[in-house]
Each structure stands twice: as structure tokens, then as C-alpha cells.
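A.B. asks: I have a structure here, written as C-alpha cells, and I will follow up with some questions on it.
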Amino acid sequence: MTWLDIAPDHPYGVRNLPYGVFVRGVKPDEARIGVRIGDTVLDLAAAEQAGLVSAGGTLGGHTLNGFMALGRPVWTTVRQRITELLTDSRHQPVVEPLLIPLAEVTLRMPFQVADYADFYSSEYHAGNVGRMFRPDQPPLLPNWKRLPVGYHGRAGTVVVSDTPILRPCGQHRPRGAEEPVYGPSTRLDIEAEVGFVVGVGSELGSQVPTDAYPDHVFGIVLLNDWSARDIQAWEYQPLGPFLGKSFATSISPWVVPLDALVAARVPAPEQDPAPLPYLKESERYGYDLRLTITWNGTTVAEPPFAGMYWTAAQQLAHLTVNGASLRTGDLYASGTVSGPEKRHRGCFLELTWSGKEQVLLADGTTRVFLEDGDTVTISGTAPGPDGTVVGLGEVTGTVRPAI
């Protein structure tokens with residue numbers, strides 16, 4: 001399939017081709033756009049400069065924003081051209097010098113985040129949270145099956161994988177206490193999510209219909225919505241998440257284009273009651289993305305994305321139905337990915353049932369929430385065409401003590 005010496009079942013073969021931004025050790029201040037193929041990075045800035053691919057000069061930028069703003073026809077043409085360069089052996093003499101071993105680069109933030117919103121779209125996750133905190137009431141609140149519930153986060157604290165995570169400080173009220181205290185969070189958690197990256201914006205006052213989703217969304221990243229549960233519990237009523245969420249959100253460095261996920265489409269869950277007209281889809285589908293969470297090297301959960309109740313297209317339509325505009329670099333996240341079994345739970349709040357059940361790690365230690373020095377990695381794959389596998393990369397963070 002490709003003239004490169006990579007295995008046919010490599011998760012970063014020519015059916016994937018995720019985009020990222022990298023620097024080489026000798027030039028740490030020169031961020032360049034690249035695409036991953038196998039265990040190498042094709043320098044797209046050099047490729048465009050050499051006339052091998054054309055994207056209006058945007059591939060010479062330091063982030064993906066300029067390229068993403070060009071829209072789907074250009075995305076498709078460039079992807080087809082990169083595929084041709086990597087599969088037609090006639091191009092090998094000129095392309096091979098532009099391939100850099102992955103071990104020789106450092107990955108940076110792939111795009112500049114414009115705005116960030118996070119949703120709450122897994123019925124399993126929302127149901128578990130409801131059962132934990134409202135045991136005498138229905139697990140889902142009345143609005144949950146009527147609209148994709150979400151909140152606006154903080155774009156400035158979205159960081160790339162491997163960025164250390166400082167334990168946040170804030171107000172929280174210890175169990176049984178009447179008064180709040182200030183200090184480092186003692187219930188630090190993760191949320192395994194999928195992020196959707198907007199390439200093409202929209203005008204203020206307009207609405208983006210569900211069917212226009214692929215015209216606006218460039219691709220996906222894996223996302224960890226770090227959460228201070230004790231700070232969150234004290235502050236979230238009546239206005240929702242704030243300091244318990246805004247201190248850090250980590251994303252994977254590779255943006256997997258939607259074109260790489262066509263074979264991963266699966267029917268989305270049936271919705272009852274039927275959604276309002278602006279949330280209806282002519283083709284309703286989700287993605288068969290399979291996530292894995294490791295805690296200090298121990299696999300503790302494998303959340304399945306295919307069962308998410310609200311789709312990415314519905315989330316985008318709801319995000320803009322009031323006339324809110326999109327901008328290139330907007331990021332919106334799925335919310336915690338969880339499934340029907342305990343091993344499918346996508347956050348430690350669920351996995352430990354709010355700290356009541358311990359998690360045993362491979363080194364013999366146990367955890368309920370994150371301790372200083374702990375490392376969490378979320379990785380993922382998706383099915384590709386003809387039995388191939390599409391790698392979604394990974395997002396990793398290590399907790400550092402509060403300042």
C-alpha cells in the first residue's frame with residue numbers, strides 16, 4: 001500500500017495520516033506542521049515549499065489553524081495528494097528526505113484553541129452520577145434527553161499531552177463540615193473524552209445544522225478533562241462547573257481528520273423522546289472509538305465511544321442554535337465516555353463510586369483519586385477500511401504538587 005517499510009496493520013498507515021505540529025531538537029523554536037506516517041513525520045512545510053503539495057502556503061505555519069480554515073475541499077485534496085506521495089514509488093526519491101523519525105521530534109500544541117466547550121453526552125455517565133448524588137430521584141434530570149447539556153470551559157488552559165498538571169487549589173467543604181476550607185484538591189480526577197476541532201467558522205447570528213457538521217469539523221483529538229471533584233461539588237450549584245474544571249484540559253498532539261474515520265461510523269443510539277427539529281439528523285451516526293485508560297501503567301478502564309447518546313453533529317448544532325458563532329480552532333468535547341459495565345467507566349468518580357471502592361494498581365498500591373506523581377494516559381483506536389486500525393494517539397499527564 002505504501003513504499004515505506006511499515007507493517008500493513010500499522011495504526012498510522014496511509015489510511016490514517018493525522019496532522020500535528022513538531023519541533024526538532026536542534027531548532028526548538030521552529031514549530032512545523034507535519035503528518036504522521038508509521039513512526040515518522042512527513043514535514044509538510046518542506047513538502048509545500050518543494051512544490052509537492054499545495055495549500056496556499058498554510059502548511060508553512062506554526063499551527064494548523066490556517067490550513068484548517070481553508071475548508072473541506074482543500075482538506076480532501078491535500079489528503080489525497082499526501083496519500084499519492086506516500087503510495088506511488090515514483091515520489092520516493094523526493095519525499096523520503098522529508099521524513100523525520102518520530103523519536104527525533106517534540107510534539108507541540110497542534111492548533112491555537114479559540115473557544116472551548118464541554119458536553120455531557122454519555123447516558124451511562126450521567127446516569128451513574130445521578131445515582132451517586134441523587135439516589136432518591138431519577139438518575140437523569142428532565143432536560144438531559146431533550147438537549148446536549150454542556151458548559152463553556154477555558155481555552156487558555158488547554159494543553160498538549162505530557163504537560164505536567166499542577167494540583168489545583170480552591171474552596172471545598174469537607175464531608176460533614178458546615179464551613180468551606182481553602183487548599184489543594186483532595187479528589188482530583190480525570191475524564192476520558194473525545195474532542196472535536198472546528199476548522200471552518202460561522203457568522204454570528206447564524207445556525208449550523210446537523211448535516212453541516214463535516215463541513216465545519218476538521219478532525220478529532222483525545223481529551224482529558226481534569227476535574228477537581230471537591231472544588232466542583234462546592235461551587236457548581238447553581239451555575240455549573242468553574243474552577244473545578246478550568247485549571248487544565250489535556251489533548252493528544254495528533255489531530256485525526258474526519259476522513260480517516262469514515263469506516264468507524266456506526267449507528268448512534270435511538271433517542272426517545274425524539275429530539276426537536278434542529279437536533280434531527282438525516283444520517284445519524286456515531287463513531288466506534290475504543291479508548292483505554294491507564295493509571296501508572298495499569299489499565300483500569302476501556303470506555304466505548306459508540307454508545308454516546310448525543311452525537312458530535314447534534315452537539316455542534318446545539319452549540320450554535322442561539323446564533324453563537326464558530327471560529328477556526330474552536331474545540332468542543334464529548335463529555336466523559338462511559339459504558340454499561342464497570343470496566344467501561346471513563347472517570348475515577350465513577351470507577352470508585354465517589355471514593356467508596358478502591359482501584360488496585362499493578363504495583364500493589366490502591367487509589368480512589370489521583371495522588372501527586374500519578375500518571376494517567378488515555379489512548380484510543382478506531383476501525384479503518386479493509387480491516388485496518390486507525391490510531392488515535394494518546395494524551396498523558398502527570399500530577400505535580402500544588403504550589
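We did not get these values from a lab; they are worked out from the coordinates using the rules stated. Just so it is clear, the structure is predicted and the values come from calculations on it, not from any experiment. As a convention, Cβ positions derive from the backbone with ideal geometry for all residues, glycine included, and neighbour counts pool all protein chains shown.
A.B. asks: Quick query: amide H of Thr163 versus all other amide H atoms, modeled in the peptide plane; which residues come in under 5 Å with a sequence gap of 5 or more or a different chain?
C.D. replies: none
A.B. asks: Based on C-alpha coordinates, I'd like the Rg and Dmax of the stretch 265-344, in Å.
C.D. replies: Answer for the stretch 265-344, Rg first and Dmax second: 15.0, 45 Å.
A.B. asks: Please give the FRET efficiency for Asp39 paired with Arg265, using the beta carbon to beta carbon distance and R0 = 45 Å, rounded to the nearest 0.05.
C.D. replies: 0.95
A.B. asks: Here's a follow-up. Scan around Phe242 for amide H atoms under 5 Å from its own, H built in the peptide plane at 1.01 Å from N, and keep only partners 5 or more places away or cross-chain.
C.D. replies: Here the answer is none, since no amide H 5 or more places off falls under 5 Å of that of Phe242.
A.B. asks: Could you give me the ³J(HN,Hα) list for the stretch 110-117, computed from phi with Karplus coefficients 6.51, -1.76, 1.60 and θ = phi - 60°, whole Hz, x at Gly and Pro?
C.D. replies: The phi angles translate into x, 8, 7, 6, 8, 9, 9, 10 Hz.
A.B. asks: Quick one: Karplus J couplings for the stretch 310-324, per residue in order, coefficients 6.51, -1.76, 1.60, θ = phi - 60°, nearest Hz, x for Gly and Pro?
C.D. replies: 9, 8, 4, 5, 5, 4, 5, 5, 5, 4, 10, 5, 8, x, 4
A.B. asks: To the nearest Å, what is the center-to-center distance of the stretch 199-214 and the stretch 354-403, using C-alpha atoms only?
C.D. replies: Answer, in whole Å: 34.
A.B. asks: Whole Å is fine, so just give me how far the alpha carbon centre of the stretch 113-190 lies from that of the stretch 318-336.
C.D. replies: 19 Å
A.B. asks: Let me make sure I get this right: for the stretch 19-108, a, b and c are the square roots of the gyration tensor eigenvalues over alpha carbons, sorted descending. Under 1.5 in a/c it's rounded, otherwise prolate if a/b > b/c, else oblate. Which is it?
C.D. replies: Because a/c hits 1.5 or more and a/b fails to exceed b/c, the stretch 19-108 counts as oblate.
A.B. asks: Moving to a separate point now. Could you bin all the Cα-Cα distances of the chain into 10 Å bins starting at 0 and give me the percent of pairs in each, rounded to whole numbers?
C.D. replies: Histogram of Cα-Cα distances, whole percents per bin: 5, 23, 32, 25, 12, 3, 0, 0.
A.B. asks: In deg cm²/dmol, rounded to 500, what helix-only [θ] at 222 nm does the chain give when every DSSP H run of at least 4 residues adds -39500 (n - 2.57) and the total is split over its residues?
C.D. replies: Mean residue ellipticity, 222 nm, calculated: -4000 deg cm²/dmol.
A.B. asks: Where Rh denotes the Kirkwood radius from the mean inverse Cα pair distance, what is Rg over Rh for the stretch 171-314?
C.D. replies: My calculation puts Rg/Rh at 1.03.
A.B. asks: Taking the beta-carbon count within 10 Å as an exposure proxy, list Glu193, Glu281 from fewest neighbours to most.
C.D. replies: If I rank by nearby Cβ atoms, fewest first, I get Glu281, Glu193.
A.B. asks: With the contact rule set at Cα under 8 Å and sequence spacing of 6 or more, what percent relative contact order holds for the chain?
C.D. replies: That works out to 21 percent.
A.B. asks: Counting pairs on different chains as well as pairs 8 or more places apart, how many Lys pairs in the chain have Cα atoms under 28 Å apart?
C.D. replies: Close lysine pairs under the 28 Å cut-off: 6.
A.B. asks: Something else now. Size of the stretch 273-403 along its principal axes in angstrom, Cα-based, largest extent first?
C.D. replies: Rounded to whole Å, the extents work out to 52, 44, 33 Å.
A.B. asks: Right, here's the next one. How large is the convex hull of the Cα atoms of the stretch 1-159 per residue, expressed in Å³ as a whole number?
C.D. replies: It is 171 Å³ per residue.
A.B. asks: If you fit an axis through the alpha-carbon atoms of helix 123-133 and take the longest principal axis of the Cα set of the chain, what angle between them do you get, 0 to 90°, nearest 10?
C.D. replies: Long axis of 123-133 versus the principal axis of the chain: about 30 degrees.
A.B. asks: What does the convex hull of the Cα atoms come to per residue for the stretch 140-205, in Å³?
C.D. replies: 222 Å³
A.B. asks: Restricting to the chain, compute how many DSSP beta bridges are antiparallel as a %, nearest 5.
C.D. replies: 90 percent
A.B. asks: Kindly state, to the nearest 0.05, the FRET efficiency for Gln171 paired with Thr76, given R0 = 41 Å and r defined as their beta-carbon distance.
C.D. replies: Working from the Cβ atoms, E equals 0.25.
A.B. asks: Once phi is turned into θ = phi - 60°, what whole-Hz ³J(HN,Hα) does the Karplus curve with 6.51, -1.76 and 1.60 give for every residue of the stretch 283-291, x standing for Gly and Pro?
C.D. replies: Per residue, the Karplus-derived 3J(HN,Hα) values read 10, 9, 8, x, 10, 7, 9, 10, 9 Hz.
A.B. asks: Against the longest principal axis of the chain, how steep is helix 72-87, in degrees 0 to 90 to the nearest 10, with axes from Cα atoms?
C.D. replies: 60 degrees
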